[in-house]
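The values are calculated or read from the model by the stated rules, or taken from the named source; none is laboratory data. Model, not experiment: these values are computed from the prediction. Please note: Cβ atoms are built from the backbone with ideal geometry, for glycine as well, and neighbour counts cover all protein chains shown.
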Amino acid sequence: MRCIGVLFSLVLFFSLNAQIVIDENFGDWDNSGFSVEDNLNDGVYGIDFTRMKIDNDDTYLYLFFNTSKEINLQSYKDIALFIDIDEDENTGYKINGMGADISYFFGSRYGFYYRNSSSNQIYHDDIGLISLPTVTSDSFELAIKRQFKIGSYLIKLTGKIKIFMLQDVQNGDKIPDDSGGIEYKMNNDNLVLPSFEMEKNSEEQIRIMSYNVEKDHYFDNEPPYSRLIKAGNPDILCFQEIYNHSSANVRKKIQSYFGGNWYDAKQGNDLIVVSKYPIIKTAPIGGNGAFLISKDGKEILIINNHLYCCDNDSGRQKEVDEIMQFVRKSKSGEGNIPVSKNTPIIILGDMNFVGSNRQRKTLILGDISNEYVYGNDFLPDWDGTIFEDAKPVTTGYPGTFTWNSDNSSYPKGRLDYFIYSGSVLQKTNGFALFTRLLGRDILDKYQMNAEDTDNASDHFPVFVDFKFIKPMAVKDENNNSQIVSCFPNPVKNTLNIKFNNTRYSTVYISIVDNFGRIALKEYRRTKEGLNIFRINVSSLKSGIYYMKIIDPQDSTIIWETGKIVIE
């Protein structure tokens, strides 16, 4: 076992460099936490742990770990976590040279709190567990509360704690290998929640909602649903699990909330779309549905989904293969809904991604499983790159879960998705509305109750704001300048921009992240003729970015890119 940090001790004291967010991006772990690397190939049976990292803020304890192969953490029964919260080997459950006060077995989906020679069974809701992803992976991150109650006992994770994980089988691997676990000292950094906006920044943007309302429960218990929908104030509403009511019934409810004229359509058994803008065409995709919507003459193709649940990986794979075949045909001007070049495409809904990661890869990468039936693989975005995963943040929480049921054995998870063509759409905002964790000020302002999401569906309403962007270089009539090319894309270190100009001038180059935050900015002088700018982007984290070139004299946008992928 090798420790990264202070080599003579397993205890590490330092301030938090970045807020950990449980969102499957993992980049926030690069400069945060205490890291332990495990010996390779010492897992005789099953998996081999390779690395674990630990971090915390004043509310949550965070863990990250890697394994040698992809597993489904929620069903891999042997992986267990043990935490000693009082530095006393003689209390709790004696294992690996420590007295574990808390254990949790991820695949079995329960654990124990040990006290005074007795044990109390605990579940995910007792400790506030969230672990992502919910599909197979070789990397996982999780959070648990630092303070929670088990029966009459109030448990607090303060000061020093000890942690270790193992595959609980004979000769199973553990991390760390050394007896006694990892000793970690809690810091007192404040929780910093991811930002989101309850309202759109501009009417030029479009807000889309996806909401699984749980078996027509919207019609049985409308008040909490109505408050959530009115607070989100979407332009297009995509519902799942409305089986026994028509789209006209739903439209009438939406019109009663917001007034005006709305449009509606239904596909499959339970998929309904209600829109401010005309729905000009619909088509089935197996049990899912496509809806072509026109906003001010600009068409948007939305594919609303409710994929097969639970252990039915093969059924879900067939569905996502069908969806991507439909996308390919639509882009080629064929099929039931042919679209013109650079039409925005959004694939959303309750995806039920709880098994193999293969289905997510199909939708994002265009990696079709059954090519014999559904055609060849293809890069699905208009610019020859992959689709993007919006990953809306959960309100009041440092994570991106969209489903929660305290009474289920399964912990919180991300089941609801927005996957989209980032070459022509920029996500400017996104959130899964979880009222239980919202502040009183927001609840009062938007006339919601803290228990609204709990009293409505087990899924949260998910809202994402999009901005239409230009997919390619455009000529500016004022200064006759033009982008020739921007390469390579994806890029690791140096982004090259070829830029034609008819005069000497100064331009402002701004690279922003998916949330619209400026990640890099530079001023550059241009000469007459061809200019080649080389922008060092090695300091940027992996992800999706957008670039603007601006005339600083009057803030005119000379050129605006589609997405830039930083590897």
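Here are the numbers for this structure:
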| item | result |
| --- | --- |
| Subset of the stretch 41-67 [assigned to a strand (DSSP E or B) and of a type in the set (Asp, Glu)] | Asp55 |
| Some residue of the stretch 406-417 being farther than 30 Å from Lys200 by Cβ and under 19 Å from the mean Cα position of the chain (by Cα) | yes |
| Test: residue in the stretch 145-153 that is of a type outside the set (Lys, Arg), part of a loop (DSSP other than H, G, I, E, B) and either assigned by TED's automatic domain parsing to the domain that holds Met52 or crowded, with 22+ Cβ neighbours inside 10 Å (or both) | yes |
| Hits in the stretch 405-432 (condition: more than 21 Å from Val354 (Cα to Cα) and part of a loop (DSSP other than H, G, I, E, B)) | Ser421, Gly422, Ser423, Val424 |
| 2 or more residues not aliphatic (A, V, I, L, M): qualifying strands (runs of 3 or more DSSP E) within the stretch 231-300 | 236-240, 263-267, 279-285, 288-295 |
| Candidates Glu70, Glu87, filtered to the one that is acidic (Asp, Glu), in the same structural domain as Ile150 (by TED's automatic domain parsing) and assigned to a loop (DSSP other than H, G, I, E, B) | Glu87 |
| Options Asn370, Asn304, Asn288, Asn269; residue that is under 24 Å from His459 (Cβ atoms), surrounded by fewer than 20 Cβ atoms within 10 Å (Cβ to Cβ) and either of a type in the set (Val, Ile, Thr) or in contact (Cβ under 8 Å) with a residue 24 or more places away in the chain (or both) | Asn269 |
| Residue in the stretch 318-341 that is among the hydrophobic types (A, V, I, L, M, F, W, C), farther than 22 Å from Phe239 by Cα, in contact with a helix residue (DSSP H, G or I) (Cβ under 7 Å, 6 or more places away or on another chain) and modelled with pLDDT of 95 or more present | yes |
| Among the residues listed as Ser405, Ser409, Ser423, the single one being in contact with an Asp or Glu (Cβ under 8 Å, 6 or more places away or on another chain), closer than 30 Å to Tyr123 by Cβ and modelled with pLDDT under 95 | Ser405 |
| Test for Val169: is it outside any strand (DSSP E or B) and crowded, with 19+ Cβ neighbours inside 10 Å | no |
| In the stretch 182-207, residue farthest from Glu451 (Cα to Cα) [restricted to those that are in contact with a Ser or Thr (Cβ under 9 Å, 6 or more places away or on another chain) and among the aliphatic types (A, V, I, L, M)] | Met186 |
| Single residue of the stretch 34-50 satisfying the filter (within 18 Å of Ile182 (Cα to Cα) and of a type in the set (Ser, Thr, Tyr)) that is modelled with the lowest pLDDT | Ser35 |
| So Arg115, is it at pLDDT below 90, surrounded by fewer than 22 Cβ atoms within 10 Å (Cβ to Cβ) and in the same structural domain as Glu70 (by TED's automatic domain parsing) | yes |
| Filtered residue count, the stretch 90-111, keeping only those that are outside any strand (DSSP E or B) and touching a helix residue (DSSP H, G or I) at 6+ places or on another chain (Cβ under 8 Å) | 1 |
| Filter result (of a type in the set (S, T, N, Q), closer than 16 Å to Gly232 by Cβ and in contact with a Gly (Cβ under 9 Å, 6 or more places away or on another chain)) within the stretch 418-459 | Thr428, Asn429, Thr435 |
| Filter result (charged (D, E, K, R) and without any contact (Cβ under 8 Å) to a residue 24 or more places away in the chain) within the stretch 343-367 | Lys361, Asp367 |
| Residue match in the stretch 436-454 (condition: buried (at least 22 other Cβ atoms within 10 Å of the Cβ), of a type in the set (Phe, Trp, Tyr), modelled with pLDDT of 95 or more and in contact with a helix residue (DSSP H, G or I) (Cβ under 7 Å, 6 or more places away or on another chain)) | no |
| Residue match in the stretch 391-401 (condition: without any contact (Cβ under 8 Å) to a residue 60 or more places away in the chain and at negative phi) | no |
| Residues within the stretch 184-214 that are in a strand (DSSP E or B) and surrounded by 18 or more Cβ atoms within 10 Å (Cβ to Cβ), tallied | 8 |
| Test result for Phe466, modelled with pLDDT under 95, touching a Pro at 6+ places or on another chain (Cβ under 9 Å) and either hydrophobic (A, V, I, L, M, F, W, C) or surrounded by fewer than 17 Cβ atoms within 10 Å (Cβ to Cβ) (or both) | no |
| Selection count, the stretch 373-410, where residues are closer than 30 Å to Leu437 by Cβ, surrounded by fewer than 21 Cβ atoms within 10 Å (Cβ to Cβ) and hydroxyl-bearing (Ser, Thr, Tyr) | 4 |
